[in-house]
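Peer 1: Just passing along the structure, written as structure tokens.
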Ligand SMILES: [Zn+2]
């Protein structure tokens with residue numbers, strides 16, 4: 001392990017186990033952001049998946065570690081705390097998008113360790129075969145669906161004169177995956193219609209990518225998981241005109257009201273992107289809280305419509321002391 005990593009891990013551990021750390025975190029809430037829990041850890045280790053995916057072993061390791069150092073509470077406990085605050089800092093888990101693996105792989109572990117979570121759904125995807133472009137394009141280019149679909153997509157990209165990833169034939173798996181990660185990040189700037197066209201050139205997976213409403217209701221009825229909106233189409237809200245912005249928020253809100261018993265009064269911005277105009281529309285749709293992606297801990301101050309979260313990657317789930325290092329950085333003035 002690199003020296004820098006070792007220092008971060010050690011300082012993170014010391015921080016959580018010192019009176020300084022305990023004092024700074026007293027009465028504070030930490031909100032964590034996850035996306036997917038895959039069925040295998042090696043798959044989640046690859047750089048192009050590392051940020052958005054964790055493996056089951058890493059996820060369970062994280063849950064055990066969280067239970068040791070924090071009170072694992074529902075998100076609303078942090079946002080609307082009751083008077084009886086405990087000594088220990090509180091942590092709430094959130095998952096973005098509404099991936100099917102949240103039911104298959106995350107939920108059983110949440111139940112086993114009795115850790116509550118909130119899942120934010122991009123509602124157009126729930127119960128449909130609609131696909132998230134970065135997953136379909138990324139895995140097709142990675143070759144997860146075989147060589148033929150990969151070549152087909154590359155030829156399609158060439159036919160529309162779009163650059164193709166250059167190092168995809170690199171022999172080193174991690175380097176190849178890192179190149180793909182950078183390529184996918186570059187695609188974010190493309191027009192959403194173009195991304196949809198590219199996704200259409202990718203083969204259908206055997207299972208839908210997203211949860212269905214039956215899975216949503218069954219997790220909700222456990223009492224351990226609650227749901228909120230993460231856009232309808234996952235469009236970046238800051239890029240929409242006023243009419244489309246209003247439609248996107250209403251459609252996602254209505255889908256949650258139809259599909260769940262007790263949807264959360266919390267919005268979750270796709271990609272974390274928000275500005276004053278977006279926050280105003282969110283407030284006009286009766287949401288008192290909204291989650292962004294800026295790092296920081298929550299103390300009941302700051303803008304409730306741009307709440308900070310700490311992202312959890314496979315790397316941090318494997319080494320949660322790295323997370324306490326980031327929390328420590330977040331508590332410093
Ligand atoms: Zn998202």
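Peer 1: With only alpha-carbon atoms in the gyration tensor, what are the semi-axes of the equivalent ellipsoid for segment 1-144, in Å, largest first?
Peer 2: 30, 21, 12
Peer 1: Taking the Cα-to-Cβ direction at residue 104 and at residue 17 and moving 7 Å from each Cα, how far apart do the two end points lie in nm?
Peer 2: 3.8
Peer 1: Which percent of Cα-Cα pairs in segment 37-97 sits in each 5 Å bin, short to long?
Peer 2: 4, 17, 21, 18, 16, 12, 8, 4, 1
Peer 1: Here is a further query. Give me the Debye-computed log₁₀ of I(q)/I(0) at q = 0.13 Å⁻¹ for segment 194-333, equal point scatterers on Cα only, no solvent, two decimals.
Peer 2: Reported log10 I(q)/I(0), two decimals: -0.74.
Peer 1: Related question: When the helix-only estimate is applied to the chain (DSSP H runs of n ≥ 4, each -39,500 (n - 2.57), divided by the residue count), what is the mean residue ellipticity at 222 nm, nearest 500 deg cm²/dmol? Could you put the intermediate results ahead of the total?
Peer 2: On the way: 16 runs with 156 residues, N = 333.
When only DSSP H runs of four or more count, the value is -13500 deg cm²/dmol.
Peer 1: Okay, moving on. Taking the number of other C-beta atoms within 10 Å as the exposure measure, put 45, 172, 273 in order starting with the fewest.
Peer 2: Values: 45 20, 172 10, 273 14.
The order, fewest Cβ neighbours first, is 172, 273, 45.
Peer 1: Can you give the FRET efficiency for residue 158 and residue 284, using 1/(1 + (r/R0)^6), R0 = 56 Å, r = Cβ-Cβ distance, to the nearest 0.05? It would help to have the intermediate numbers written out before the result.
Peer 2: Working: r = 45 Å, r/R0 = 0.81.
For R0 = 56 Å, the calculated efficiency reads 0.80.
Peer 1: Still on this structure: For 194, 76, 219, which order do you get if you count the other beta carbons within 10 Å of each Cβ and list the fewest first? Can you show the working numbers first?
Peer 2: Details: 194 13, 76 17, 219 23.
Neighbour counts put them in this order, fewest first: 194, 76, 219.
Peer 1: Would you work out the relative contact order for segment 133-200, in percent, from Cα pairs under 8 angstrom that are 6 or more residues apart?
Peer 2: Details: 43 pairs, mean separation 25.1, N = 68.
Computed value for segment 133-200: 37 percent relative contact order.
Peer 1: Hey, what's the Kirkwood Rh for the chain if you take every pair of different alpha carbons, in angstrom? Working shown, then result.
Peer 2: Values: mean 1/r = 0.0481 Å⁻¹.
Across the chain, the inverse of the average 1/r is 20.8 Å.
Peer 1: In segment 138-165, which residues have a backbone nitrogen under 16 Å from the label point lying 7 Å from residue 197's Cα in the Cα-to-Cβ direction?
Peer 2: 153-164
Peer 1: Computed FRET efficiency, Cβ-Cβ of residue 166 and residue 82, R0 45 Å: what is it to the nearest 0.05?
Peer 2: On the way: r = 55 Å, r/R0 = 1.23.
The computed FRET efficiency comes out at 0.20.
Peer 1: Going by average Cβ density within 10 Å per residue, which order do the peptides 136-148, 47-59, 229-241 take, highest to lowest? Provide the component values of the computation, followed by the final result.
Peer 2: Values: 136-148: 17.4, 47-59: 21.8, 229-241: 19.6.
Sorting 136-148, 47-59, 229-241 by mean packing, highest first, produces 47-59, 229-241, 136-148.
Peer 1: Still on this structure, I have one more. Please give the contour-minus-distance gain from residue 213 to residue 236: 0.36 nm per residue of separation, less the Cα-Cα distance, rounded to one decimal in nm. The partial results should precede the final answer.
Peer 2: On the way: separation 23, 0.36 × 23 = 8.28 nm, distance 2.35 nm.
That pair, residue 213 and residue 236, stretches by 5.9 nm at full extension.
Peer 1: Using the Kirkwood formula over every pair of different C-alpha atoms, what hydrodynamic radius in Å results for segment 219-289? Could the numbers behind the result be given before it?
Peer 2: Values: mean 1/r = 0.0806 Å⁻¹.
Roughly 12.4 Å, rounded to one decimal.
Peer 1: Relative contact order of the chain: what whole-number percent is it, with Cα pairs under 8 angstrom and at least 6 residues apart?
Peer 2: Working: 583 pairs, mean separation 83.3, N = 333.
Relative contact order comes out at 25 percent.
Peer 1: Next question. Tell me the relative contact order for segment 141-246 as a rounded percent, counting alpha carbon contacts under 8 Å between residues six or more apart. Don't skip to the answer; put the middle values down first.
Peer 2: Numbers: 42 pairs, mean separation 20.5, N = 106.
This gives 19 percent for segment 141-246.
Peer 1: Still on this structure, I have one more. Output the antiparallel fraction of DSSP beta bridges having both residues in the chain, as a percent to the nearest 5. Kindly include the intermediate steps, with their values, before the conclusion.
Peer 2: Values: 2 of 28 bridges.
That works out to approximately 5 percent antiparallel.
Peer 1: Sorted from largest down, give the three principal axis spans of the alpha carbons of segment 133-200, whole angstrom values.
Peer 2: Sorted largest first, the three principal extents are 33, 24, 21 Å.
Peer 1: Another question about this same structure. Based on the Cβ-Cβ distance of residue 189 and residue 277, what FRET efficiency does E = 1/(1 + (r/R0)^6) give at R0 = 22 Å, to the nearest 0.05?
Peer 2: Values: r = 21 Å, r/R0 = 0.96.
FRET efficiency, residue 189 to residue 277: 0.55.
Peer 1: Still on this structure: Can you bin segment 158-276 into rounded, prolate or oblate? Criterion: square roots of the alpha carbon gyration tensor eigenvalues sorted a ≥ b ≥ c, rounded for a/c under 1.5, prolate for a/b above b/c, oblate for the rest.
Peer 2: On the way: a/c = 2.34, a/b = 1.62, b/c = 1.44.
Prolate, because a/c is 1.5 or more and a/b exceeds b/c.
Here, each number is a calculation from the coordinates, and none is a lab measurement. This is a predicted model, so every value here is computed, not measured. Positions of Cβ are generated from backbone atoms using ideal geometry, with glycine treated the same way; all protein chains shown enter the neighbour counts.
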